[in-house]
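Asks: Here it is, the structure in full.
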Amino acid sequence: MRIVLLGAPGSGKGTQCKRIVTRYGLLHLSSGDILRQQRVEGTELGKTARTYMDSGALVPDQIIVEMMADAIMKAPDAGFVLDGFPRTVNQATELAKSLAAANQKIDVILNLQIDDQLVVERMAGRRSCPQCGAVYNIERFKPKVEGVCDNDGTKLIQRPDDSAEVVANRLETYHLQTEPVIDYYKKNSSTVYDIDANKDAEEVIALVFVKLDALARG
Ligand code: AMP
């Protein structure tokens, strides 16, 4: 299965992806995680991406398309879930071209739909582990010990791009540049499932599994 997960920042893409890849044995490819890793490693790519990321803007298409094409090449035959990519129509068409060159295509697009106001509330409470990337929420998904990662004891941080001002920019970027990707897939007769992501994560994943189980059965 080759899946694209679309949705605004804070719609729960990362959480849902982890559950999907575990159930179906797929590779989780998050463009945001790959970029953050490049920054930690201090690569040229990481340095270039930094300014864009910290202001809530998108990293230029060409950089992202090459980076993701490399990552997709390493995916197992079982398939992958793309999380945070494609985020522009241009990225979507480039992705389709590189998959077609390998006789592949995206099988399904899951579109997580969420209200902006809920995104703002969720992001305000979001805390991440700078070491392992685990994500918590101070209201809805607390770590066992306040302010500390359950996995490795690292002090949790608020990602710089989760601050209120940057979240507003990220939402604007999403509406302007990423929402047209949904129309692109709908017009190209791909299978697109709209999922109500205002619900609890458990309810959302149940909806997602119903759709994907049906697809997996063929
Ligand atoms: P995310 O963790 O997916 O919200 O991504 C964090 C940031 O990384 C975004 O706000 C962008 O600056 C950058 N980024 C991630 N994926 C992409 C992409 N597909 N295209 C352009 N920029 C991206």
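Asks: Taking the range 199-216, which residues are under 25 Å from L118 (Cα atoms) and small (G, A, S)? First the steps, then the outcome.
Replies: Start the filter on the range 199-216 by keeping residues that are under 25 Å from L118 (Cα atoms), which leaves 199-211.
Selection gives A201, A206.
Asks: Applying the selection to the range 115-133, what residues are at pLDDT below 95, assigned to a loop (DSSP other than H, G, I, E, B) and under 22 Å from L171 (Cα atoms)?
Replies: G125, G133
Asks: May I pose another question? Looking at I106, I64, I114, which one is over 19 Å from S190 (Cβ atoms), surrounded by 19 or more Cβ atoms within 10 Å (Cβ to Cβ), among the β-branched types (V, I, T) and touching a residue at least 40 places away in the same chain (Cβ under 8 Å)?
Replies: I114
Asks: Moving to a separate point now. (1) at positive phi; (2) free of Cβ contacts under 8 Å to residues at least 12 places away in the same chain: which one isn't true of G79, the others all being true?
Replies: (2)
Asks: Another question, then. On the given criteria, is A71 open to solvent by less than 60 Å² (accessible area, probe 1.4 Å), within 17 Å of the chain's Cα centre (by Cα) and within 8 Å of the ligand (Cβ to nearest atom)?
Replies: The answer is no for A71.
Asks: Return the residues of the range 49-60 that are part of a helix (DSSP H, G or I), in contact (Cβ under 8 Å) with a residue 24 or more places away in the chain and either open to solvent by less than 20 Å² (accessible area, probe 1.4 Å) or near the ligand (Cβ under 7 Å from one of its atoms) (or both); say none if nothing qualifies.
Replies: M53, the sole residue that qualifies.
Asks: Any idea which residue in the range 122-142 is least open to solvent (accessible area, probe 1.4 Å), counting only those that are over 16 Å from the mean Cα position of the chain (by Cα) and among the hydrophobic types (A, V, I, L, M, F, W, C)?
Replies: C129
Asks: Moving on to the next point. (1) in contact with a strand residue (DSSP E or B) (Cβ under 7 Å, 6 or more places away or on another chain); (2) open to solvent by 30 Å² or more (accessible area, probe 1.4 Å); (3) small (G, A, S): which one isn't true of G25, the others all being true?
Replies: With respect to (1) in contact with a strand residue (DSSP E or B) (Cβ under 7 Å, 6 or more places away or on another chain); (2) open to solvent by 30 Å² or more (accessible area, probe 1.4 Å); (3) small (G, A, S), G25 is out only on (1).
Asks: Go through the residues of the range 140-160 one by one and say whether even a single one is in a strand (DSSP E or B) and either touching a His at 6+ places or on another chain (Cβ under 7 Å) or at pLDDT below 90 (or both). So that I can check it myself, show each step before the final result.
Replies: Here is the first cut: in the range 140-160, the residues in a strand (DSSP E or B) are 141, 148, 155, 157.
Narrowing further to those that are either touching a His at 6+ places or on another chain (Cβ under 7 Å) or at pLDDT below 90 (or both): 141.
Yes - at least one qualifying residue is present in the range 140-160.
Asks: Within the range 27-48, restricting attention to residues that are assigned to a helix (DSSP H, G or I) and among the hydroxyl-bearing types (S, T, Y), which residue is farthest from K13 (Cα to Cα)? Working first, answer last.
Replies: Going through the range 27-48, the residues assigned to a helix (DSSP H, G or I) turn out to be 31-41, 44-48.
Checking which are among the hydroxyl-bearing types (S, T, Y) leaves us with 31, 48.
On the way: S31: 12, T48: 25 Å.
Of everything passing the filter in the range 27-48, T48 is farthest from K13 (Cα to Cα).
Asks: Let me ask something else. Restricting attention to the range 161-218, report how many residues are assigned to a loop (DSSP other than H, G, I, E, B) and open to solvent by 50 Å² or more (accessible area, probe 1.4 Å). Explain how you work it out, then say what you get.
Replies: Keep residues of the range 161-218 that are assigned to a loop (DSSP other than H, G, I, E, B), which gives 163, 188-191, 197-200, 218.
This time we only want the ones that are open to solvent by 50 Å² or more (accessible area, probe 1.4 Å), so: 188-189, 191, 198-200, 218.
Result for the range 161-218: 7.
The values are calculated or read from the model by the stated rules, or taken from the named source; none is laboratory data. Just so it is clear, the structure is predicted and the values come from calculations on it, not from any experiment. Using ideal geometry, Cβ is built from the backbone for each residue, glycine included, and neighbour counts are taken over all protein chains shown. All accessible areas refer to the heavy atoms of the entire protein, side chains included, with ligands and DNA or RNA removed. Shrake-Rupley method; radii C 1.70, N 1.55, O 1.52, S 1.80 Å.
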